[in-house]
1. Among 56-65, 72-81, what's the highest-first ranking by average C-beta atoms within 10 angstrom per residue?
2. Please work out how much length the chain gains when fully extended from Ala56 to Glu29, using 0.36 nm per residue of separation minus the C-alpha to C-alpha distance, in nm with one decimal.
3. Starting from the 7 Å offset along Cα-to-Cβ, what nm value, one decimal, do you get for the label separation of Lys116 and Glu135?
4. Of all the accessible heavy-atom surface of region 24-91, with the other protein chains kept in place and a 1.4 Å probe, what percent is carbon and sulfur?
5. Of the cross-linked pairs Lys117/Lys154; Lys116/Lys154; Lys105/Lys154; Lys31/Lys117; Lys72/Lys112; Lys92/Lys117, which ones have a Cα-Cα span greater than 19 Å in the structure shown?
6. Could you state the accessible area per residue of region 97-161 in Å², with a 1.4 Å probe and every protein chain left in place?
7. How do the peptides 18-25, 146-153 rank, highest first, by the average count of neighbouring beta carbon atoms within 10 Å per residue?
8. Enter the accessible area per residue of region 24-91 (Å², integer; probe 1.4 Å; all protein chains in place).
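The values are calculated or read from the model by the stated rules, or taken from the named source; none is laboratory data. In this text the structure is predicted, and so the values were computed from the model without any measurement. A quick note on method: Cβ atoms are made from the backbone with ideal geometry, for glycine too, and the neighbour counts reach across all protein chains shown. All accessible areas refer to the heavy atoms of the entire protein, side chains included, with ligands and DNA or RNA removed. Shrake-Rupley method; radii C 1.70, N 1.55, O 1.52, S 1.80 Å.
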Amino acid sequence: MRAPKKAKKRAEGASSNVFSMFEQAQIQEFKEAFTIMDQNRDGYIDNNDLRDTFTALGRINVKQEEIDEMLKEAPGPINFTVFLTMFGEKLKGADPEDTILNAFKVFDPEGKGTLKKDFVTKMLTTQADRFSPEEVEQMFAAFPPDVAGNLDYKNLVYEQQSE
């Protein structure tokens with residue numbers, strides 16, 4: 001009986017401090033990412049939410065074992081505080097470039113290093129802090145996709161950081 005209580009107390013302590021690890025703008029960005037992944041809008045990311053997120057990203061045949069492994073990384077049900085805590089633990093000591101690359105990699109589970117221009121446009125204009133058509137046009141003018149319509153996000157991250 002004592003061990004679960006201790007674990008619960010530790011988890012609560014970790015979660016209450018997690019908001020101090022990030023700036024308010026970063027917390028808002030994580031909240032937007034969480035909302036995108038919480039497909040059924042119940043406040044938790046579960047098996048079905050992950051499967052739906054992968055499907056939305058064009059990855060249809062995700063093995064149940066892969067989803068189970070992802071869910072096992074969490075200490076329990078994944079609400080926003082747990083989600084933020086997990087990212088905080090993963091990002092400790094990470095370089096800004098790595099942090100940005102890892103954010104792009106969420107949408108690139110096969111690790112190709114590129115995202116379809118149409119997908120990026122849709123995400124930027126329909127989710128979170130929505131880009132205007134002009135802002136999207138400016139981004140693609142600065143970082144044009146290749147002839148197949150793929151945006152090389154690694155190039156975008158490293159070019160953006162060196163400016």
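1. 72-81, 56-65
2. Stretched fully, the Ala56-Glu29 segment lengthens by 7.8 nm.
3. Result: 2.3 nm between the two label points.
4. 52 percent
5. Lys31/Lys117; Lys72/Lys112; Lys92/Lys117
6. Each residue of region 97-161 exposes 64 Å² on average to a 1.4 Å probe.
7. 146-153, 18-25
8. 59 Å²
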